[in-house]
Amino acid sequence: MNIHDYILKGNYIDKNACQFIINDIKKENWTTHQYYCSESNQYYNHKEKELQVLNLKNSTNDCVEKVVLKAIKDYEKHFDCLDFCNQISNIRFNRYKENNEMKNHVDHIRDIFDGQRNGIPILSVVGILNDDYEGGDFIFNDNYKVQLSAGDILMFPSNFIYKHKVTTVLKNTRYSFVCWGY
């Protein structure tokens with residue numbers, strides 16, 4: 001096997017449900033994305049080119065969580081390793097307007113744990129809610145592009161081998177969500 005074999009995607013959400021989710025989250029108050037720097041033990045805002053994020057607790061979030069848990073079970077079955085992810089972090093919705101992007105990074109993060117929940121993120125889960133935008137490509141290690149459509153969920157290990165980014169959105173707005181299994 002090579003590292004790309006551990007990157008899986010599947011279409012889990014139908015387009016009507018995706019549109020319903022977008023309509024629900026559009027009206028919410030979005031915040032500027034921040035990242036945590038372990039060296040300084042501080043949070044920083046990204047530059048103006050970065051995305052906006054939304055943490056939401058409502059029935060839409062609950063529905064997305066159920067779909068994510070099913071996708072994770074499928075991932076586990078694919079590799080014949082049952083129950084390696086017993087929990088998931090909160091769903092975070094992402095909004096990339098024109099000229100927004102996400103710089104190269106890895107998902108071995110710790111700030112999803114609040115003291116009540118503890119663990120190590122081992123699986124990254126990214127869901128795409130629309131595909132009527134240009135740009136916004138999901139790229140691993142600067143050269144492996146994953147084609148994504150509305151309703152797709154992408155899963156991959158949350159470690160240093162899977163450096164990834166989202167290229168600049170050139171037209172319209174890209175809506176997605178992310179969470180981590182641990």
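The values are calculated or read from the model by the stated rules, or taken from the named source; none is laboratory data. This is a predicted model, so every value here is computed, not measured. In this analysis, Cβ positions are derived from the backbone assuming ideal geometry, glycine residues included, and neighbour counts consider all displayed protein chains. Quick note on the areas: whole protein, heavy atoms, side chains included, nothing else; ligands and nucleic acids left out. Shrake-Rupley method; radii C 1.70, N 1.55, O 1.52, S 1.80 Å.
Only helical runs count toward this figure. For the chain, summing -39,500 (n - 2.57) over DSSP H runs of n ≥ 4 and dividing by all residues gives -6000 deg cm²/dmol at 222 nm. Centroid-to-centroid, using Cα positions, region 88-161 and region 73-87 are 19 Å apart. Taking the accessible area of the chain, probe 1.4 Å, and keeping the other protein chains in place, the carbon and sulfur fraction comes to 47%. For region 51-182, the average shadow cast by the Cα convex hull is 7.9 nm², which is a quarter of the hull's surface. Using the structure shown, select from LYS77/LYS171; LYS26/LYS103; LYS73/LYS165 the pairs with a Cα to Cα distance greater than 30 angstrom. Going by Cα-Cα distance, LYS77/LYS171 fall outside the 30 Å limit. Under a model in which nothing but the beta-carbon of Lys, Arg (+1) and Asp, Glu (-1) is charged, the chain shows a dipole of about 260 debye around its Cα centre. Of the residues GLY136, ALA150, LEU56, the one whose Cα sits farthest towards the positive end of the charge dipole of the chain is LEU56 (charges of +1 on Lys and Arg Cβ, -1 on Asp and Glu Cβ, taken about the Cα centre). Highest mean first, the peptides 140-148, 128-136, 7-15 sorted by other C-beta atoms within 10 Å per residue fall in the order 128-136, 7-15, 140-148.
Evaluate the relative contact order of the chain (contact order divided by residue number), counting alpha-carbon pairs under 8 angstrom at least 6 apart; express in whole percent.
So the answer I get is 30 percent.
Averaged per residue, the chain has 54 square angstrom of accessible surface, using a 1.4 angstrom probe with ligands and nucleic acids left out.
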